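Written below as structure tokens is the structure these notes are about.
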Amino acid sequence: MEGERRASQAPSSGLPAGGANGESPGGGAPFPGSSGSSALLQAEVLDLDEDEDDLEVFSKDASLMDMNSFSPMMPTSPLSMINQIKFEDEPDLKDLFITVDEPESHVTTIETFITYRIITKTSRGEFDSSEFEVRRRYQDFLWLKGKLEEAHPTLIIPPLPEKFIVKGMVERFNDDFIETRRKALHKFLNRIADHPTLTFNEDFKIFLTAQAWELSSHKKQGPGLLSRMGQTVRAVASSMRGVKNRPEEFMEMNNFIELFSQKINLIDKISQRIYKEEREYFDEMKEYGPIHILWSASEEDLVDTLKDVASCIDRCCKATEKRMSGLSEALLPVVHEYVLYSEMLMLPEEIGKLEDKVECANNALKADWERWKQNMQNDIKLAFTDMAEENIHYYEQCLATWESFLTSQTNLHLEEASEDKP
């Protein structure tokens, strides 16, 4: 793997207090309610028509409201126990901190690619050191995701960002694209680190700690016993929708996923459109400040007024830019991540005669399904709450700017009027 640095093991100067390097998958509190359940996206969602390019109102759907229709069940068979540990044993204190940063471009005679620095700090005894630094490229992340899917076929593996950008909107090695991917890869690794089962996966540990040649050598090894068993269970899980006697709750689960996929894709589409229109509005508005400054040069009686207008426009531009930054960094990535989740969770329509093997996959999947739903609720609620607060602050700031201007102009006219009186 060309361009990668060797992994370094350095003595730790102490772990960060509070997890500054990691991102929790459920940044908000659960929805209020006597039963702990709540409506997802309680406000009506807007529907964007493909042909008309106009907006319609999406009606509420009761099937998406019941967020706790399944109770977590732990696996009872030995096979499923291999791929599952009790979620109740999830540690209260975070002991694994991962940061993805410093993207670096590499050009060879064959290809051009980007690597990312991954810093890991941990207090776990199974690690040889307390701090590691490696460089990984996108293909390494793909390998890790594949190994997790093999080893834990009944768990929900976090999604990776897409390999290519569609519609040619962004260059592959554009700085914005690289930064967006870096954040998504950071989220991917921290989702795994925060998962009560995936975090102890051996391939995950190797990914975080191995030197470049060690990782390359490990990739060439054939699948072990657990991996082969995982492939068998994955075949069971992938055909679960086709099993005639599958539990009723899995039919409800699939219905939920289908509806969730439709709505989250719609929200993603509308959010992208809002951001595009905000960008166009910002680009146009920032031209008005200089125009008013030029105008003031030819209007002696309006010099101060026109300059004050230009100042107000400049302050509103800065507030708009800040709001756009919040939209692109807080809301859009969260929504798009769950678009990718929805694509992963759509099980194929395959018919299989595997009724006797489904139970082991059922129990593990239901437990992880509950955990995923709770994280999804928290993430989306927090993203939209933060965006709403940001919008309120934005409009208050712009309103205060123009009210201050109007007040000063009113006082100025009153002073001039009083001076003109005999």
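The values are calculated or read from the model by the stated rules, or taken from the named source; none is laboratory data. Predicted model, so just to flag it, every value in this text is computed and none were measured. Positions of Cβ are generated from backbone atoms using ideal geometry, with glycine treated the same way; all protein chains shown enter the neighbour counts. Quick note on the areas: whole protein, heavy atoms, side chains included, nothing else; ligands and nucleic acids left out. Shrake-Rupley method; radii C 1.70, N 1.55, O 1.52, S 1.80 Å.
Yes/no per residue for (1) closer than 22 Å to TYR281 by Cβ; (2) out of contact with any Cys (no Cβ under 7 Å at 6 or more places or on another chain); (3) modelled with pLDDT under 90:
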{"position": "ILE313", "(1), (2), (3)": "yes, yes, no"}
{"position": "ALA319", "(1), (2), (3)": "yes, no, no"}
{"position": "LEU354", "(1), (2), (3)": "no, yes, yes"}
{"position": "ASN362", "(1), (2), (3)": "no, yes, yes"}
{"position": "MET376", "(1), (2), (3)": "no, yes, no"}
{"position": "GLU390", "(1), (2), (3)": "yes, yes, no"}
{"position": "TYR395", "(1), (2), (3)": "yes, yes, no"}
{"position": "ALA400", "(1), (2), (3)": "yes, yes, no"}
{"position": "PHE405", "(1), (2), (3)": "yes, no, no"}
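At least 1 residues that are at pLDDT 85 or above, open to solvent by less than 70 Å² (accessible area, probe 1.4 Å) and touching a Phe, Trp or Tyr at 6+ places or on another chain (Cβ under 9 Å) in each: list the helices (runs of 4 or more DSSP H) lying fully within the range 185-296 that qualify.
Working: elements: 202-209, 212-219, 225-238, 248-285, 288-296.
By residue number, 202-209, 212-219, 248-285.
For PHE173, the conditions (1) open to solvent by 10 Å² or more (accessible area, probe 1.4 Å); (2) modelled with pLDDT of 55 or more; (3) part of a helix (DSSP H, G or I); (4) over 30 Å from LYS366 (Cβ atoms) are fulfilled apart from (3).
If the condition is being within 17 Å of LEU302 (Cβ to Cβ), without any contact (Cβ under 8 Å) to a residue 60 or more places away in the chain and of a type in the set (Ser, Thr, Tyr), then the range 392-419 contributes only THR410.
For the range 116-155, filtering for residues that are of a type in the set (Gly, Ala, Ser), touching an Asp or Glu at 6+ places or on another chain (Cβ under 9 Å) and buried (at least 16 other Cβ atoms within 10 Å of the Cβ) leaves 1.
Apart from one condition, LEU302 fits all of (1) within 24 Å of ASN391 (Cβ to Cβ); (2) at pLDDT below 90; the exception is (1). In the range 296-315, the residues that are touching a residue at least 40 places away in the same chain (Cβ under 8 Å) form Cβ pairs under 9 Å with partners that are of a type in the set (D, E, K, R) and open to solvent by less than 90 Å² (accessible area, probe 1.4 Å), at six or more places apart or across chains, as follows: THR305/GLU299. Scanning the range 297-307 for residues that are of a type in the set (A, V, I, L, M, F, W, C), open to solvent by 20 Å² or more (accessible area, probe 1.4 Å) and assigned to a helix (DSSP H, G or I) gives LEU302, VAL303. A search for C-beta distances below 9 Å between a residue of the range 267-293 that is farther than 16 Å from SER325 by Cβ and any residue that is open to solvent by 90 Å² or more (accessible area, probe 1.4 Å) and assigned to a helix (DSSP H, G or I), counting only pairs 6+ apart in sequence or on different chains, returns HIS292/LYS307; ILE293/LYS307.
Checking each residue in the range 308-335 for being within 15 Å of TRP402 (Cα to Cα) and surrounded by 15 or more Cβ atoms within 10 Å (Cβ to Cβ) picks out ASP308, VAL309, ALA310, SER311, CYS312, ILE313, ASP314, ARG315, CYS316, CYS317, ALA319, THR320.
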